[in-house]
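**Q** Got a structure for you, questions after.
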Amino acid sequence: MGKRIAALMIFCAFGVGFATGSMVAILRRPESLQRGVKVPQSRSLIKTAPLSIEALEKIEDLKETLRNDPDNLRLWKRLGTLYARSNQLPEAIEAYRHYLNSDPEEPDLRTDLGILLRRWGDFDGAIEEFRKAAQGSLNHTTSRYYLGVALLYDKRDIQGAIRAWEDYLRVEPRGMRADGVRRELKRLKEVAE
């Protein structure tokens, strides 16, 4: 029974933290770009859900298993994903970094780490992770796409975003997202002139 009460208390604490974080995110929302050019907001690959007691128990079970098997990368990845889905960003970032310290050649996970860092407000760290993922995998489209998003929205680096999205289109020239990026590139180039 004590474990359930502790889980409920943690659940409530994370709920308050989530509400506070949401308010900060709303207050930090970027303003429109010059001359009204707007780029669609990015959609995170990591879907979040309300923290449940079941999720807390899964996290605690994984942590216990990792105490006995700290080199199990599959479990570190799973733990990071559970933390990310329950909006526990610092813990998710730490778990993903632990994984990537042992296996740095994982572009999808590195991109997920970049997305988490961006949500956390570490824009330079996010950009670094997106660049590493793109450099480590010559055909990784998602890292290139999010690199452009972070450069444009978070750093207001229009030229950097243009270069990142041109690189993205080199890798993925067709598709719905490519068509949208192509339209936004045209607008950004007009603004940059």
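The values are calculated or read from the model by the stated rules, or taken from the named source; none is laboratory data. Note that the structure is a prediction, hence the values are computed from the model and not measured. Cβ atoms come from the backbone with ideal geometry, glycine included; neighbour counts cover every protein chain shown.
**Q** Cβ-Cβ below 9 Å, separation at least six or inter-chain, first residue in the stretch 64-90 and touching a residue at least 12 places away in the same chain (Cβ under 8 Å) and under 14 Å from Ser102 (Cα atoms), second part of a helix (DSSP H, G or I) and among the polar types (S, T, N, Q): which pairs?
**A** Sorted first by the residue in the stretch 64-90, then by its partner, the pairs are Asp71/Ser102; Leu73/Ser102; Leu75/Thr65; Trp76/Ser102.
**Q** Taking the stretch 79-134 only, how many residues are part of a helix (DSSP H, G or I), small (Gly, Ala, Ser) and closer than 19 Å to Arg156 by Cβ? Break it down stepwise before answering.
**A** Filtering the stretch 79-134 for residues part of a helix (DSSP H, G or I) gives 79-85, 89-102, 107-120, 123-134.
If we keep only those that are small (Gly, Ala, Ser) as well, we get 80, 84, 92, 95, 102, 114, 125-126, 133-134.
Now drop any that are not closer than 19 Å to Arg156 by Cβ, which leaves 114, 125-126.
Within the stretch 79-134, residues that are part of a helix (DSSP H, G or I), small (Gly, Ala, Ser) and closer than 19 Å to Arg156 by Cβ number 3.
Residue-wise test of (1) modelled with pLDDT of 95 or more; (2) in contact with a His (Cβ under 7 Å, 6 or more places away or on another chain); (3) surrounded by fewer than 22 Cβ atoms within 10 Å (Cβ to Cβ).
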site: Ala92; (1), (2), (3): yes, no, no
site: Glu105; (1), (2), (3): no, no, yes
site: Leu113; (1), (2), (3): yes, no, no
site: Leu116; (1), (2), (3): yes, no, no
site: Arg119; (1), (2), (3): yes, no, yes
site: Ala126; (1), (2), (3): yes, no, no
site: Arg131; (1), (2), (3): yes, no, yes
site: Gln135; (1), (2), (3): yes, no, yes
site: Leu138; (1), (2), (3): no, no, yes
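**Q** While we're looking at this one, here's another question. In the stretch 140-183, which residues are among the basic types (Lys, Arg), part of a helix (DSSP H, G or I), surrounded by fewer than 19 Cβ atoms within 10 Å (Cβ to Cβ) and in contact with a helix residue (DSSP H, G or I) (Cβ under 9 Å, 6 or more places away or on another chain)?
**A** Kept after step one, since they are among the basic types (Lys, Arg), are these residues of the stretch 140-183: 144, 155-156, 163, 170, 174, 177, 182-183.
Narrowing the set further to residues that are part of a helix (DSSP H, G or I) leaves 144, 163, 170, 177, 182-183.
Cutting the leftovers down to surrounded by fewer than 19 Cβ atoms within 10 Å (Cβ to Cβ) gives us 163, 170, 177, 182-183.
Residues satisfying the conditions are Arg163, Arg170, Arg177, Arg182.
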